[in-house]
Amino acid sequence: MHIDDNLEGGGDGTVMCRHCGAVTGTLGDPLRDARVRESDPREAGPSVHADAGNFTDRPVLLRQTFCPGCLVMLQAEIVPGDEPSWRTRSLAGPTAEAGQ
Amino acid sequence: MPVIPVDGAEEFANQPVLAAETRRVAGASVRLHDVSPERVDTVDPLTYEVIRHRLTSITEEMGEALKRMSGSVVVTDCNDFDAAIMDEVGDVVQVGLYNTELAASLDMAVSWTMRHRAARPGIGEGDMFLCNDPWIGGGLHQNDVSLFAPLFVDGELFCWTGAVAHQVDLGGVSPGSWSVAATDVFWESIPLPPVKIVEGGEIRDDIEDVYLRRSRVPKLVALDLRAKIGANNVAHERLRALCQKYGADTVKAVMRRTMNDAEARLRAKLLELPDGSWTSVAHQDSARSGDRGIYKIVLKLTKEGDRLTFDFTGTDPQVDGLINCTYAGLRGGIMPVFLTTVCGDIPWAPGGLWRCIDIVSEPSTINNCTFPAGIGKASVASAWATTNVATECLSGLLDAHSEHRKRMMSVCCGTWDFALLAGVDQRGGGFVTMICDSMAGGLGARSDADGVDTGGLACIPMGRVADVEMNEFAFPMLYLWRREEADSGGPGRYRGGVGASSCFIPYDSPLGGVHLVVSAPGKALPLAAGLSGGLPAGTQYDVLLRGTRVRAALAAGRLPGSLDDIGGATEMVPSHHETDLGPDDVYFTHWQGGGGYGDPLLRAPAAVAADVASRKVTPQAAATVYGVTLGADGQPDLAETERSRAALRRRRAGLDEAEPESARS
């Protein structure tokens with residue numbers, strides 16, 4: 001079952017990295033076993049023009065999520081650091097789509 | 001001062017109601033045309049297609065009429081308007097390809113009008129109703145003024161047409177009705193519930209005077225009113241001809257079937273997609289000038305069978321500022337991305353599409369606010385943020401299907417970079433205008449292609465940017481540049497489309513300078529998220545340069561090409577700001593691109609090299625984000641790139657730091 005550019009669902013309910021085959025989670029929580037790192041947003045590159053502190057008193061961070069096997073980046077967000085990640089998904093399982 | 005609740009405001013807190021309810025209430029005062037389901041089912045396929053496409057072209061003709069009669073650059077050159085055809089109870093049969101946000105709540109305004117105005121003052125032939133109350137519908141904030149008109153055929157109310165356009169100023173503390181210091185709606189343009197401004201084919205002078213008296217540019221607004229009247233008249237002329245040729249019952253049957261077909265085709269597509277839920281978040285920094293907060297809209301999109309539920313539970317409470325939106329704004333946030341990514345091959349008949357959607361939203365939240373919350377910026381604040389979070393979730397759903405994933409897109413241009421100028425123009429007249437350069441936003445990356453550079457905005461498929469020359473002709477300003485900006489698109493295996501920047505000075509105003517209002521979040525954090533490992537697009541970046549010698553440079557024949565060239569004292573502009581631009585001041589505004597898709601380290605090195613050559617990506621980003629090493633000839637050194645990427649892969653995951661390995665909690 002295709003999930004996104006990096007993930008595919010196995011028939012047993014696991015989710016795997018399509019680049020290296022490492023298990024990253026389950027259909028109910030595809031990034032459960034992924035590696036997460038939080039860092040300064042300016043690590044995202046020169047597109048982050050100014051320090052967030054110029055505009056807000058809340059901490060802002062870059063949260064990157066990686067495959068535990070090949071370290072391909074599975075998810076990246078620049079968000080307030082005092083919030084949990086809201087970006088999740090849960091899939092019921094493969095459809096009858098041809099070729100899935 | 002606390003925001004004071006207003007008794008009686010609940011009358012205007014409109015929610016969509018079933019067609020049967022509108023028919024029951026309004027039917028006591030006005031005869032409504034209807035056809036049986038059997039009549040709908042027996043329209044022959046050829047007639048159906050001919051009439052259905054004719055209805056689409058009528059909305060385009062309405063748009064053309066609006067543009068040809070308006071005097072506002074926002075309408076004539078930027079297409080910040082839309083038109084729609086609705087059935088006799090207000091369900092939208094066809095929405096135009098212009099600003100789909102604006103058209104997403106015309107049904108609510110028409111339904112409210114039928115339920116509250118059919119008895120008094122009544123709804124008759126030749127009448128038109130004007131509305132800019134977003135709690136009722138018809139638009140997302142007070143600048144969105146809708147004009148909707150019933151068409152009568154043989155004494156029965158056959159259908160409604162509607163035209164809505166952004167008006168550059170309708171009062172309020174700040175020019176442009178964009179009161180950046182607002183804590184509630186009473187700082188802003190006061191909303192007008194539906195009022196019969198055209199009666200029996202004639203403009204009511206008393207109502208028009210009440211409407212125009214609030215504006216700093218009443219003649220411009222009056223012309224736009226006539227443009228909207230003209231658009232509705234064009235639509236009615238075409239629809240009457242259609243009814244004369246095919247019969248009113250046949251045309252109505254096609255309208256019904258268009259909505260039914262849209263519903264059926266959407267349900268069929270939803271059944272092809274996997275069941276599941278996708279949750280995401282959209283942030284906005286700053287609710288008003290001086291505010292340093294960050295506010296979130298949370299969405300859990302659930303697909304089960306042939307239904308979608310948009311659940312906004314967890315969204316922040318409404319704020320004391322101008323960024324809230326009403327329920328109409330929430331719908332207006334969902335519909336644009338829904339139409340373009342999910343319904344690209346389905347008739348754009350929201351009257352049928354809404355039947356497949358449930359919305360869960362708590363009142364008094366930032367994208368479902370209660371009166372008298374400030375909403376002056378709603379369309380490009382909380383409604384736009386709703387579009388962003390809906391984009392992520394819908395794209396996640398589409399990405400799980402091998403065919404439909406081709407239509408998904410990362411978030412496009414995370415917000416509107418608002419810059420408003422006001423003052424005395426080069427002809428000695430007063431002017432107010434919104435600079436619409438940021439219509440050229442970067443589109444989000446797709447699952448199989450880069451985002452379109454300066455491709456536009458997701459919510460306005462036919463949006464345009466006014467030519468530099470048109471802005472300079474119309475307003476006292478002179479551009480130093482308008483150009484695409486490298487690195488503004490989110491990095492990814494597929495890159496987000498880049499945004500751009502404009503840099504200009506006040507020029508040729510008898511006063512020397514102009515007044516400036518800025519409202520542009522996305523500075524504390526980027527608002528155009530990436531997907532599937534793609535990075536967000538760049539942050540918003542606006543700068544004021546004071547006391548420059550730019551005029552001396554121009555007089556000497558030198559055109560500055562960078563902020564360093566311009567000099568002067570630099571002020572980083574906060575998200576909300578109001579000030580004056582003096583004759584030696586320069587304003588630089590850099591808006592956002594689209595989010596990326598996929599891990600940037602998987603982008604083909606040759607593609608990165610091409611990005612650098614075409615100035616979409618800087619050499620610095622090519623090395624530090626994409627991990628590509630370029631030779632002196634600009635071509636990728638593949639061996640060195642492989643080594644660089646291996647090192648970067650570990651470094652960005654924190655494996656070369658003194659960090660313990662950790663699983664996601």
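Which of B:M69, B:A103, B:T59 sits closest to the plus end of the dipole of segment B:10-120, meaning its Cα is farthest towards the positive end, when Lys and Arg get +1 and Asp and Glu get -1 on the C-beta? Of B:M69, B:A103, B:T59, it is B:M69. Once the Cβ-Cβ distance of A:D82 and B:L18 is raised to the sixth power relative to R0 = 41 Å, the FRET efficiency obtained is 0.45. Helix B:106-117 axis versus longest C-alpha principal axis of chain B: approximately 40°, rounded to the nearest ten.
Given a Förster distance of 22 Å, report the FRET efficiency between B:R558 and B:R615 from their Cβ-Cβ distance, rounded to the nearest 0.05.
Values: r = 22 Å, r/R0 = 0.99.
The calculated FRET efficiency here is 0.50.
Going from the residue with the fewest nearby Cβ atoms within 10 Å to the one with the most, B:S70, B:S105, B:S111, B:S364 rank B:S364, B:S70, B:S111, B:S105.
Using only side-chain charges placed at the Cβ, +1 for Lys and Arg and -1 for Asp and Glu, the dipole size of the protein assembly as shown relative to its Cα centre rounds to 520 debye. With the simple model of a label 7 Å out from the Cα in the direction of the Cβ, B:A632 to A:D12 spans 5.6 nm.
Helix B:248-272 sits at what angle to the longest principal axis of chain B, using alpha carbons and giving 0 to 90 degrees rounded to 10? With both axes taken from Cα atoms, the answer is about 40 degrees. Fully extending the segment from B:E403 to B:D206, taken as 0.36 nm per residue of separation minus the present Cα-Cα distance, adds 65.3 nm. Considering only A:A34, A:A50, A:A22, the Gaussian network model of chain A with Cα springs below 10 Å gives its largest mean-square fluctuation to A:A50. FRET efficiency for the B:D358 to B:V25 pair, using the beta carbon distance and R₀ = 25 Å, is estimated at 0.55.
Hey, got the dipole for segment B:1-122? About the Cα centre, +1 on K and R Cβ, -1 on D and E Cβ, debye to the nearest 20?
Details: 11 positive and 20 negative charges, 94 e Å.
With Lys and Arg at +1 and Asp and Glu at -1, about 460 debye.
Listed from fewest to most Cβ neighbours within 10 Å, the set B:S575, B:S402, B:S361 follows the order B:S402, B:S361, B:S575.
Rounded to the nearest 500 deg cm²/dmol, what is the calculated helix-only ellipticity per residue at 222 nm for the protein assembly as shown, with -39500 (n - 2.57) per DSSP H run of length n ≥ 4? Mind showing how you got there, number by number?
Numbers: 18 runs with 200 residues, N = 765.
Helices in the protein assembly as shown give a 222 nm mean residue ellipticity of -8000 deg cm²/dmol.
The simple spin-label model puts a point 7 Å past each Cα toward its Cβ; for B:R213 and B:A606 those points are separated by 6.9 nm. Full extension of the segment from B:E60 to B:L223, taken as 0.36 nm per residue of separation minus the current Cα-Cα distance, would add 56.7 nm.
Please say if chain B is rounded, prolate or oblate, where rounded means a/c under 1.5 for a ≥ b ≥ c the square roots of the C-alpha gyration tensor eigenvalues, and otherwise the choice is prolate for a/b larger than b/c and oblate otherwise? Since a/c reaches 1.5 but b/c is at least a/b, the shape of chain B is classed as oblate. Any idea which of B:P536, B:M477, B:A552 is furthest toward the positive side of the dipole for segment B:455-554, if Lys and Arg beta-carbons carry +1 and Asp and Glu beta-carbons -1? Result: B:P536, furthest along the dipole toward the positive end. To the nearest ten degrees, helix B:218-246 and the longest principal axis of the Cα atoms of chain B are 60 degrees apart.
If I take every Cα pair under 8 Å that is 6 or more residues apart in chain B, average their sequence separation and divide by the length, what percent do I get for the relative contact order?
Rounded, it is 12 percent for chain B.
How many Cβ atoms of partner chains, on average, are near each residue of B:569-581 if near means within 10 Å of its Cβ? Mean partner shielding for this stretch: 1.
So between B:V6 and B:R546, what do we pick up on full extension, going 0.36 nm a residue minus the alpha carbon distance? Spell out each step's value before the answer.
Values: separation 540, 0.36 × 540 = 194.40 nm, distance 4.32 nm.
Contour length minus Cα-Cα distance gives 190.1 nm.
Each Lys and Arg contributes +1 and each Asp and Glu -1, all at the Cβ; summed about the Cα centre of chain B, the dipole is approximately 520 debye. The distance from the alpha carbon centre of segment B:272-303 to that of segment B:210-239 is 36 Å, rounded to a whole number.
Label zone of B:K245 (point 7 Å out along Cα→Cβ, amide N under 20 Å): in segment B:43-75 this covers B:43-65.
Here, each number is a calculation from the coordinates, and none is a lab measurement. Remember, it's a predicted structure, so these values are computed and weren't measured experimentally. Glycine also receives a Cβ, built like all others from the backbone with ideal geometry; neighbour counts cover every protein chain displayed.
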